[in-house]
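Shown next, in structure tokens, is the structure this report addresses.
The values are calculated or read from the model by the stated rules, or taken from the named source; none is laboratory data. Please read these numbers as outputs of a predicted model, since none were measured by experiment. Using ideal geometry, Cβ is built from the backbone for each residue, glycine included, and neighbour counts are taken over all protein chains shown.
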Amino acid sequence: MTDAWWRNAVVYQVYPRSFADTDGDGVGDIAGVTRRIDHLWALGVDAVWLSPFYPSPLADGGYDVADFRGVDPLLGSLSDFDALVAAAHERGIRVIVDIVPNHTSERHPWFQEALAAGPGSAARERYIFRDGRGENGERPPSDWRSAFGGPAWSRVPDGQWYLHLFAPEQPDLNWKHPGVRAEFADILRFWSRRGVDGFRIDVADALMKDLSEPLREVVAVSGGDDFDDIAANPDHPFRDRPETHGIYREWRAVFEEFDPPRMAVAEAWLPSERLMPYLRSDELHVAFNFEFLSCGWDADAYRRVIDANIGGASSVGTVATWVISNHDVVRPVSALGLPAGTDTNAWLLSGGTRPPVDPERGLRRARAAALLELGLPGSTYIYQGEELGLPEVADLVPDMLHDPTWQRSGGETKGRDGCRVPIPWERAGPSFGFSAVPGWLPQPSDWGEWSVQAQSGDPDSTLELYRRAIRTRRAFAADESFAWDPDLDKGDVLAFRRGADWLVLVNTGPAPVPLPEGEVVLASAALEGRTLPGDTAVWLRR
Ligand code: TEU
């Protein structure tokens, strides 16, 4: 166990409410993660990252935190958490917790105090309160939009407005306030002392805002994504502000107080050139590479993103990360099974007229993507259920949706519930082994076929593919070298060398190609003689 374990780690993301339930309320809990820890051990992962489990009114699935030092009673207690850390560490699995520093819940005592104390009070200084525009202050201080739709400002009864980049139930903190900074340094120490090995930092680039008057407006990008937003607003008033770096320098000093030093992975939807400046020996260690999610199964897009991220990371002394799914995006089995160019959100919303996913092709590509993400140098983040090849549950009816993005966006997005459906552990049962009762989101009737029980021991299953890949990659993962193969890497076929004698090949095209010399150690689908079929990846040893 070296201090730099995170450089080539496989990290497994648990969304606790949907992982495993032990107390029979249909909601997953911390004890459920402990009970199922051997699933992670058998998978061979190096660390588990827990999405928020803190006390929360659940306006945003727990990313609205009311107490940063506790466990939500629905999910257990601090002693359950300590037991989980002990069980994980016993098996050599490290623990990463989610830190949500951009905002609190509206139920957080600080916000309650700010509401009660009124305009001009010290309590309001911890948040971003402003008077409105217009004669009676009836217009918000700026036209900034929330990421979940609607204005980023809400008005309180005394007439002032407060900023929330996400839901109104998630007021943004004022990171220029020394008390806010001191509190979070202390929260990092609190969890570090409880034995956590690292932190995932939610919306890491948005903490600082340019609030100089008059507030600058954001150039809106209609139908664009986070990357377009940054491109259209190079000097964005609330994303990737230069002042943000000072926060992470303070945090890095806190991480270094512990032995071994704690690590941090940044969640920031930024292009690689804007991300790398956060990854320094005196700031954060790694960052999610979300560009990898937008490659759309296109070999040239993968080449560009792989080069930019490996090159960028190595120029700042760190490693790249690889992500094909998380709790915010459509499951890759569904996304990769859509006709080329289909917008996943539009697909979710289209209901009865939904363009058909080709489930076979989607699964086939997702399995090849697994060998790609696990074959690349650096660390790989796997989201619960990805190792089972779970599809998106696209037919949840609006009544069942919990994610706030559905209502907030005025129906422009269906939200993120379809990738948060409880995990199937067993072939049968009221929720396929998730709980003694049906889970908080309904599971499809065929969910048992995807269960851990159904896939364990089946050499053709996606679960066994992930288990073998995670074990096999240990043979080359510590050697960070990477090189495109000058002869084989071309057209639809990605081909790169790892370590002294490993070759990773991914055929993103439809046509089979000849396989080069070498022992096939792992293949994402059955091979046809010495050819690599379309939508298939292999790991060769030469
Ligand atoms: O996500 C931050 C973020 O920017 C993405 O949420 C993305 O813009 C959004 O999913 C589009 O719908 C993090 C968490 O991962 C997410 O679950 C939280 O909702 C969000 O922060 C607020 O805390």
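I'm trying to understand the selection: among the residues of region 125-145, which are surrounded by fewer than 22 Cβ atoms within 10 Å (Cβ to Cβ) and either within 14 Å of the ligand (Cβ to nearest atom) or over 31 Å from the mean Cα position of the chain (by Cα) (or both)?
Passing the criteria: Arg130, Asp131, Gly132, Arg133, Gly134, Glu135, Asn136, Gly137, Glu138, Arg139, Pro140, Arg145.
Out of the residues in region 151-171 that are under 26 Å from the mean Cα position of the chain (by Cα) and within 19 Å of Leu58 (Cβ to Cβ), state the one that is surrounded by the most Cβ atoms within 10 Å (Cβ to Cβ).
The selected residue is Pro171.
Go through region 158-180 and give me each residue that's assigned to a loop (DSSP other than H, G, I, E, B), within 16 Å of the ligand (Cβ to nearest atom) and within 14 Å of Pro101 (Cα to Cα).
We begin by selecting, within region 158-180, every residue assigned to a loop (DSSP other than H, G, I, E, B); these are 158-160, 164-171, 174-177.
Keeping just the survivors that are within 16 Å of the ligand (Cβ to nearest atom) gives 164-171, 175.
Scanning region 158-180 gives His164, Leu165, Phe166, Gln170, Pro171, Trp175.
Residue-by-condition table, conditions (1) touching a residue at least 12 places away in the same chain (Cβ under 8 Å); (2) surrounded by fewer than 23 Cβ atoms within 10 Å (Cβ to Cβ); (3) touching a strand residue (DSSP E or B) at 6+ places or on another chain (Cβ under 8 Å); (4) not charged (D, E, K, R):
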site	(1), (2), (3), (4)
Ala9	yes, no, yes, yes
Arg17	yes, no, no, no
Thr22	yes, yes, no, yes
Arg35	yes, yes, no, no
Asp67	yes, yes, no, no
Leu74	yes, yes, no, yes
Asp82	yes, yes, no, no
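Pick from region 89-123 the residues that are within 16 Å of the ligand (Cβ to nearest atom) and assigned to a strand (DSSP E or B): which of them is nearest to Trp5 (Cα to Cα)?
Ile96
As an exercise: evaluate Asp489 against (1) surrounded by fewer than 17 Cβ atoms within 10 Å (Cβ to Cβ); (2) acidic (Asp, Glu); (3) farther than 30 Å from Val393 by Cα and give the number of the one condition it does not meet.
(1)
At least 2 residues that are over 27 Å from the mean Cα position of the chain (by Cα) and among the aliphatic types (A, V, I, L, M) in each: list the strands (runs of 3 or more DSSP E) lying fully within region 502-542 that qualify. Outline the logic, then answer.
On the way: elements: 502-507, 519-523, 536-541.
Passing ranges, in order: 519-523.
I need the full set of residues from region 427-461 which are farther than 14 Å from Val393 by Cβ and touching a Leu at 6+ places or on another chain (Cβ under 6 Å), in order please.
Gln455 - this is the single residue of region 427-461 that is farther than 14 Å from Val393 by Cβ and touching a Leu at 6+ places or on another chain (Cβ under 6 Å).
Could you figure out which of (1) in contact with a Lys or Arg (Cβ under 8 Å, 6 or more places away or on another chain); (2) not in a loop (DSSP other than H, G, I, E, B) isn't true of Gly317?
Result: Gly317 passes all but (2).
For (1) β-branched (Val, Ile, Thr); (2) without any contact (Cβ under 8 Å) to a residue 24 or more places away in the chain; (3) not assigned by the TED database to the domain that holds Asp229, each residue gets a yes or a no:
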residue	(1), (2), (3)
Ala122	no, yes, yes
Glu125	no, no, yes
Asn136	no, yes, yes
Asp172	no, no, yes
Ile201	yes, no, no
Ala204	no, no, no
